[in-house]
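J.: Here you go, one structure.
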Amino acid sequence: MSYVPHTDRERTEMLAAVGLSRREDLFAAVPEQVRFPALDLPAPTSELDLAREMQALAARNRPCDVAVSFLGAGAYHHFRPAIVDAVISRGEFYTSYTQYQPEVSQGFLQALFEYQSMICRLTGMEVSNASHYDGATALAEAVLLSLNVAPKRNKVVLSRAVNPQYRALIRTYLRGTHAAMIVGDEDDTADVDRLKALLDQDTAALVIQNPNFFGQCEPVEGLAEAVHRAGALLIVVTDPISLGLFRPPGHYGADLTVADGQPLGIPPSFGGPHLGILAARKTHVRRLSGHLVGETVDANGRRGYVLTLATREQHIRRAKATSNICTNSAICALAAATYLATMGKRGLRHVAELCYHKAHYAAAEIGKLKGFSINPHAPAQPFFKEFVARMPAPVSEINQRLLDRHGIVGGYDLGQDDPRLKDHMLIAVTEVNTRASIDALVRALGEAAR
Amino acid sequence: MTHDDIPTVYEMSVPDRHGIDLPAPDVPLAPLPADGVRADCGLPELSQLDVMRHYLALSQRNFGVDSGFYPLGSCTMKFNPKVDEQIARLAGFAESHPLQAADTVQGNLALMHELQQWLADIGGFAGVSLQPSAGAHGEFTGLLMIRAYHHERGDARRTRILIPDSAHGTNPASTTMAGFTAVELPSDARGNVDLEAVRVACDDTVAGIMMTNPNTLGLFEERIGEVVRLVHEAGGLVYGDGANMNALVGIVRPGDLGVDVMHYNLHKTFATPHGGGGPGSGPLGVSARLKDFLPGPVVERDGGEARYRLSMPAKSIGRVSTFHGNFGMFVRAYAYIRQHGADGLRANSEHAVLNANYLRVKLRDAFKVPFDRTCMHEFVCQGAIEGTGVRALDVSKRLLDYGFHPPTNYFPLIVPEALMIEPTESEAKPTLDAFVAAMLAIAGETRDDPALVKSAPHRTPVGRLDEVKAARELVLVDRAKAAVG
């Protein structure tokens, strides 16, 4: 199947207009010895056959009934209202480019302005960019910002309770600016008070995740004050669904708030595309990376929206830009905006409470099983939709049995990132898991561990 | 397009209205923590019909490829096949979790493996990683690999990256992020990078060069072989910016030209939708000497059996995305390549180049083309018309009144009043002829009634917007008051 619309006659007329007789003649500038290579690709297929073939390929994935999946650790199965897909499937939106011509992009610009507004209210921050690639890259940009704010500081205090993939990605990003060093995340404890002790005059930022990677709410009282006394910035990675229920980072002094917005109406899709949320205090707006949409007026005083503060960005500032980001995750930001507007104040609270209650029910039931313990490192700390269960057998073996015998996708094996957490499973429970599926998990865990 | 002001979601919000019901809890309620619970998360309150009408009205104030001709240079605004959208939404793909055991996601891994192979073949490379999420992300990642390559050889003196003055702004920005210094190279009279300048700049502090080929003038670099040879002889590596790959599929493989590392823009060449700015996907192809440095994980196929697994390359610079990159874009690009086959992809590039040349010869009498030779998939002309005061921006805005999206303005920087026009292969001759007619009509208006052109657009929902006010006042969130607790 080709989408090239030209008829033979049109092609001939066009070539004649250009003064050539054959299409091949257009490529005289290409070195002849490497021109027109034979490519080793499969023969083309029709739309009808393609759809069949792709369905077969998708079916080679073992079907995942989301109700019996308890895997989270950075990507989640949440309910997605049908309206989200109806909105982002509008061709006017998804086949458009970045809004450099505002007169014919008012729709997307306003939607992104509203996205920024809802993200600010949700996180308690003052400004939000119009999206980043994903949560981890947004965090890396936040860390780079903290180092740029204080060029003489070269240390980043990073909690071990931040998603290990995010921590790995920060290390990749800092390979370029090798002066920076990361401390804290290989310590034996993830205790926030221990992190405070690592703050000093070289520290550019302290990074925590809240609820943390293990699902638990961090004790943040007095944290921002300690960070600010040291002259550093507090960067908080959060779960946007948790903000329907819990006090947001902006209310406890975060300077930068980062999240992966995938839970807001975006499918897990094997890990991407997701949505990087990056929000800040207004003092940092000129150092923030990514597009920003601002409100203004046209020559007749009509309200309108434009991309603003472009002087931060690569197409104007080139080597001196705050970041190289150009393409972002705009359609995912539109999905999140549609989700947030539809769920609204009460809906998001309801989703968050459902996650909370179901996770607590699951934890309580699993905790009753012989040989299992819940959140063994910090049993008194509150948690949201994920928790750690220590198991009487290796997690990989238990997960294999859950899948083979019960069709259940078990939680994340924490031992694969950290040998100290051998036999520890991170279990995610959201509103899509029913009581029946949780009960099935509990029964299956009991059997699998025997 | 509707011209009425559309209230924001906060302006429409009515206390106690709601858009959706969720099931009641089917488990016993757990007590909420005593501290740290908020009263109000600050979201608006709307009915579902309010939300649908709102976004539908907004969509009607937005222009996409599905709306009309979108000749935005360097962006490859081609048709996004609808079947690809349907396929990416198949539950087997969309609901799969990135941390599932490899045994349960063999379909996904097979797809990624095939795509890695196909992209390697199309670009002439020894290895591919699908990790980067966008073109600029690929650039940054490729530069980190170049850095790791030199450092591994104990060569830490190489701190400079050569970049032609016609390059995209992301090139120098990525260079800075990767800890290098960008050195700008001039262009010569034929629009190629100045070979003498390359020769002078090449010493043992050069880590590499970033080449966009065809360059942003839409011209194939006629002396690419000599540029590559000079850089390689000086010990540097060649980064290829694959933004303009839509001109080259089946025409020439960058790896065969000596490029060591290049990103592909799946959202340009392979028709994954631009999504209003993203998400994209920027896989990297590399020559044999960089293969072990690729970001990971990548997908490997075990022995003869068709079992796929994720693995980290031996000297990997690490991961640059959460999980495995933008998988949803891989599905679309895979479907696109599968539909076209080798001949279909080559035909795309040929027709993209034919369309660009057709527009070039039809427009060049009215709008000067400074480097007027056979172009590739795009070309650059000058939008200012002498003696009238009309600028490229004015021509662009007037095009909006004729129902066309304007070309890229004021880029590349080396052409004053640049209009960079990329029609893509998707457009048929009648559309191109209508565009030519509009451009020629605007040229006529410019002579007869320049004020009409300078005050354009006249038929859009809003006129030219006050960008200075936007930057000065910085209203970045809705001022409508919704209580926050």
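None of the figures in this text is laboratory data; all of them are computed from the coordinates on show. Quantities reported herein were computed from a predicted structural model and do not represent experimental measurements. We place every Cβ from the backbone using ideal geometry, glycine too, and count neighbours over all the protein chains shown.
J.: I'd like to verify something in chain A: which complete DSSP H helices, judged by Cα projection on the helix axis, reach 20 Å or more and average at least 0.0 on the Kyte-Doolittle scale?
T.: Helices meeting the span and hydropathy rule in chain A are A:106-123, A:135-149, A:330-367.
J.: Also, I was wondering about something else. So what is the relative contact order for chain A, in percent, with contacts set as C-alpha pairs under 8 Å and at least six apart?
T.: Here the relative contact order equals 20 percent.
J.: Now, a different point. Could you compute the net charge surrounding A:Pro37? Neighbours are other residues with a C-beta less than 13 Å from the C-beta of A:Pro37; K and R count +1, D and E count -1.
T.: That works out to -2.
J.: Is chain B best put as rounded, prolate or oblate by its Cα gyration tensor, with a ≥ b ≥ c the root eigenvalues, rounded for a/c under 1.5, and otherwise prolate when a/b is larger than b/c, oblate when not?
T.: It comes out oblate by the Cα gyration axes.
J.: Using Cα springs under 10 Å in a Gaussian network model of chain A, which residue among A:Tyr97, A:Tyr115, A:Tyr339 shows the largest mean-square fluctuation?
T.: A:Tyr97
J.: Set the Förster distance to 41 Å, then compute FRET efficiency between B:Val14 and A:Ala28 from the Cβ-Cβ distance, nearest 0.05.
T.: 0.05
J.: Post the alpha-carbon centroid distance, the stretch B:230-275 to the stretch A:381-440, in whole angstrom.
T.: With the stretch B:230-275 and the stretch A:381-440 each reduced to a Cα centre, they are spaced 43 Å.
J.: Identify, among B:Ser455, B:Ile442, B:Ala384, the residue whose Cα sits farthest towards the positive end of the charge dipole of the stretch B:368-485, taking +1 on the Cβ of Lys and Arg and -1 on the Cβ of Asp and Glu, with the dipole about the Cα centre.
T.: Toward the positive end, the furthest listed residue is B:Ser455.
J.: While we're on this one: Calculate how many DSSP beta bridges within the protein assembly as shown are antiparallel, expressed in % of all such bridges and rounded to the nearest 5.
T.: 60 percent
J.: Mind giving me the nanometre distance, one decimal, between the label points for A:Gln400 and B:Leu29, set 7 Å out from Cα along Cα→Cβ?
T.: It works out to 4.4 nm between the two label points.
J.: Could you tally the net charge around B:Glu305, taking each other residue with its Cβ under 15 Å from the Cβ of B:Glu305, Lys/Arg +1 and Asp/Glu -1?
T.: Summing Lys/Arg as +1 and Asp/Glu as -1 gives +1.
J.: If you don't mind, there's one more thing I want to ask. Can you give me the relative contact order of the stretch B:345-470 as a percent, contacts being Cα pairs under 8 Å and 6 or more apart?
T.: For the stretch B:345-470, the relative contact order is 28 percent.
J.: So, one more: To the nearest 500 deg cm²/dmol, what mean residue ellipticity at 222 nm is calculated for the protein assembly as shown from DSSP H runs of n ≥ 4 alone, each contributing -39,500 (n - 2.57), summed and divided by the residues?
T.: Per the formula, -11000 deg cm²/dmol.
J.: To continue, here is another question. Looking at the square roots a ≥ b ≥ c of the eigenvalues of the Cα gyration tensor of the stretch B:26-144, which shape do they give, rounded for a/c under 1.5, prolate if a/b is larger than b/c, or oblate?
T.: oblate
J.: What does the extension gain come out to for B:Glu152 and B:Asp433, with contour length at 0.36 nm per residue minus their alpha carbon separation? Please list the in-between numbers first.
T.: On the way: separation 281, 0.36 × 281 = 101.16 nm, distance 5.50 nm.
Length gained, B:Glu152 through B:Asp433: 95.7 nm.
J.: Given +1 on the Cβ of Lys and Arg, -1 on the Cβ of Asp and Glu, and no further charges, what dipole in debye does the stretch A:165-208 carry about its Cα centre, rounded to the nearest 20?
T.: Roughly 300 debye for the stretch A:165-208.
J.: In the structure displayed, which of B:Lys368/B:Lys397; A:Lys320/B:Lys291; A:Lys320/B:Lys454; A:Lys282/A:Lys320; A:Lys345/A:Lys385 lie more than 25 Å apart, Cα to Cα?
T.: Check vs 25 Å cut-off fails for A:Lys320/B:Lys291; A:Lys320/B:Lys454.
J.: Grab the beta carbon distance between A:Asn148 and A:Arg420, set R0 = 25 Å, and tell me the FRET efficiency rounded to 0.05.
T.: 0.15
J.: If we count GluC sites (Glu not before Pro) as exposed when they sit in a DSSP loop and have at most 14 other beta carbons within 10 Å, what is the longest stretch of chain A that avoids them all? Walk me through the numbers before you get to the answer.
T.: Details: sites that count: A:Glu186, A:Glu221.
Looking at chain A, A:222-450 is the longest stretch - no exposed GluC sites (Glu not before Pro) with at most 14 other Cβ atoms within 10 Å.
J.: Rounded to whole Hz and in sequence order, give me ³J(HN,Hα) for the stretch B:130-140 from the Karplus expression 6.51 cos²θ - 1.76 cosθ + 1.60, θ = phi - 60°, writing x for Gly and Pro.
T.: 8, 4, x, 8, 6, x, 4, 5, x, 4, 4
J.: List the residues, sorted by chain then number, that are 5 or more residues from A:Phe246 or on another chain and whose placed amide H is less than 5 Å from its amide H.
T.: Result for A:Phe246 returns B:Arg38.
J.: By counting other Cβ atoms within 10 Å of each Cβ, how are A:Lys368, B:Lys291, B:Lys368 ranked from fewest to most?
T.: Ranked by crowding around the Cβ, least crowded first: A:Lys368, B:Lys368, B:Lys291.
J.: Tell me the relative contact order for the stretch A:82-338 as a rounded percent, counting alpha carbon contacts under 8 Å between residues six or more apart.
T.: Computed over the stretch A:82-338, the figure is 28 percent.
J.: Run the simple label-point estimate for A:Thr434 and B:Lys368 please: 7 Å along Cα→C-beta, distance reported in nm.
T.: Result for the modelled spin labels: 7.3 nm.
J.: Could you check the simple spin-label distance between A:Asp193 and B:Ala314, using points 7 Å along Cα→Cβ, in nm with one decimal?
T.: Calculated label separation equals 4.9 nm.
J.: At R0 = 30 Å, how high is the FRET efficiency between B:Ala451 and A:Asp85 if r is their beta carbon distance? Nearest 0.05 is fine.
T.: 0.05
J.: Quick one: go through the stretch A:131-156 and flag any residue whose amide nitrogen is under 14 Å from the point 7 Å out along the Cα-to-Cβ line of A:Asp200.
T.: A:153-156
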